[in-house]
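Notes for the one structure printed next.
The values are calculated or read from the model by the stated rules, or taken from the named source; none is laboratory data. This is a predicted model, so every value here is computed, not measured. Here the Cβ positions follow ideal geometry from the backbone for every residue, glycine too, while neighbour counts run over all protein chains shown.
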Amino acid sequence: MHREGSHGRQGTCLRFKGDTVTSPASGDDYAPIPRSALGPALNEQGYYVGRVQRNLYYVTDGVYQAAFLATPDGVVVFDAPPSIGGNLRRAIDEITAAEGVPGTVTHLVYSHHHHDHAGASFLFGEGVTRIGHEETRRLLLRDGDPARPVPEVTFASTYTLQVGGERVELAWHGPNHSPDNIYIHFPGHDTLMLIDVVNAGWVPIYNVNLSEDVPGYMAAPAIALDYPWTHFICGHLARLATRDDVAVHQAYIADIEASVKEALAAVDPVPYYVAAGENFWAGVKGHLDAVTERAAAPIIAKYTGVLAAADVEVFTLTTTFQIMQSLRLDRGPSGPVHP
Ligand SMILES: [Zn+2]
């Protein structure tokens, strides 16, 4: 899906030995990013640390987010994305020095096992108590990555963490983005942290935000909204999310679901299979590509200018494809029953 404008510029179109390599897209190839989708500016080291509420802070490099609680008994870190890396330590030092509380990290909570949110965990050493869902432990044991030490404190459904007079409620409500992704509620800070489901102000990236359980992913925002909170730490981009951000995300997903249902009913598969002859898989591709493109087109048009990167079409196309497959395979029917 080449955008006109990405071609014809000197030095931007790369080709190797007959392989076509997509040239780096210029921001000018796409609609302007809504100002509301952007966050605060980063400092010289490349991070921003902001107060969420009271002694709860979040840290961002513009693309990833982590959080920490600065208590009189030490610091509790929530996620350690490698892209923030050493800047997480710098942000903690900056805040704890200013607030006059110890900068020692005593606990580290994993939202889920993925490396892109946990790969700097090792920076906090072995003296830190790591906490995570029991499935996070199982997956980290499987993956065997020294950058992500396994959590020694695990739980199956809920866990209450109390440090320095603060309380954090961890809960697992079933698989969504990953099998182990948890809800992290800060009842004393009017905040919920749920990673990799809603991207505040932006569309999900490829394949329903690279999610494994599509029905679980689609249901997660409603579970998030069932909690009382004002501030939402979504794990990506530069700013905190609001309840409105979650509602817009829900509308985007609901619109895709409705559009998929319409397209599945409207596109006749027979001509694609007839045209493909004995290449049945070519027939599958023809049919499903037609459904996907028909379903995604009105969504891309509707959300361009509303959610950032809605016009980077591959994101909505791949998310639409995944939701279509989930409607067929999880919810059913996948097709008519032969008489
Ligand atoms: Zn993830």
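Quick look at the numbers
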item: PRO215 without any contact (Cβ under 8 Å) to a residue 60 or more places away in the chain, more than 16 Å from the ligand (Cβ to nearest atom) and surrounded by fewer than 22 Cβ atoms within 10 Å (Cβ to Cβ); result: no
item: Tally, over region 70-96, of residues that are over 14 Å from GLY119 (Cβ atoms) and in contact with a helix residue (DSSP H, G or I) (Cβ under 7 Å, 6 or more places away or on another chain); result: 3
item: Any hit, region 199-213, residues being over 30 Å from ASP244 (Cβ atoms) and out of contact with any Leu (no Cβ under 8 Å at 6 or more places or on another chain); result: no
item: Any chance ALA224 is away from the ligand (no atom under 14 Å from the Cβ) and among the small types (Gly, Ala, Ser); result: yes
item: Which numbered condition ILE84 misses (of (1) away from the ligand (no atom under 16 Å from the Cβ); (2) within 26 Å of GLY201 (Cβ to Cβ); (3) in a loop (DSSP other than H, G, I, E, B)); result: (1)
item: Enumeration of residues in region 161-186 that are among the charged types (D, E, K, R) and within 16 Å of the ligand (Cβ to nearest atom); result: ASP180
item: The listed residue being modelled with pLDDT of 95 or more and over 26 Å from VAL63 (Cβ atoms), out of ARG137, ARG148, ARG130; result: ARG137
item: Any chance GLY144 is surrounded by fewer than 23 Cβ atoms within 10 Å (Cβ to Cβ) and within 15 Å of the ligand (Cβ to nearest atom); result: no
item: Search result, residues across region 116-126 that are away from the ligand (no atom under 16 Å from the Cβ), surrounded by fewer than 19 Cβ atoms within 10 Å (Cβ to Cβ) and under 26 Å from GLY62 (Cβ atoms); result: PHE122, LEU123
item: Some residue of region 255-263 being in contact with a strand residue (DSSP E or B) (Cβ under 9 Å, 6 or more places away or on another chain) and either among the aromatic types (Phe, Trp, Tyr) or buried (at least 16 other Cβ atoms within 10 Å of the Cβ) (or both); result: no
item: Boolean, THR96 is within 14 Å of the ligand (Cβ to nearest atom) and part of a helix (DSSP H, G or I); result: no
item: Residue within region 64-78 that is of a type outside the set (Phe, Trp, Tyr), part of a strand (DSSP E or B), farther than 30 Å from LYS302 by Cβ and at pLDDT below 95 present; result: no
item: Qualifying positions in region 99-115 - more than 16 Å from the ligand (Cβ to nearest atom) and within 24 Å of ARG142 (Cβ to Cβ); result: HIS107, LEU108
item: GLU278 being of a type in the set (Asp, Glu) and either exposed (fewer than 15 other Cβ atoms within 10 Å of the Cβ) or within 16 Å of the ligand (Cβ to nearest atom) (or both); result: yes
item: Verdict on ASP196 being within 16 Å of the ligand (Cβ to nearest atom), under 25 Å from ARG54 (Cα atoms) and in contact with a Leu (Cβ under 8 Å, 6 or more places away or on another chain); result: yes
item: The listed residue being surrounded by 15 or more Cβ atoms within 10 Å (Cβ to Cβ), more than 16 Å from the ligand (Cβ to nearest atom) and without any contact (Cβ under 8 Å) to a residue 24 or more places away in the chain, out of THR129, THR154, THR158; result: THR154
item: Residue satisfying all of: in region 224-247; surrounded by 18 or more Cβ atoms within 10 Å (Cβ to Cβ) and aliphatic (A, V, I, L, M); farthest from VAL197 (Cα to Cα) among these; result: ALA238
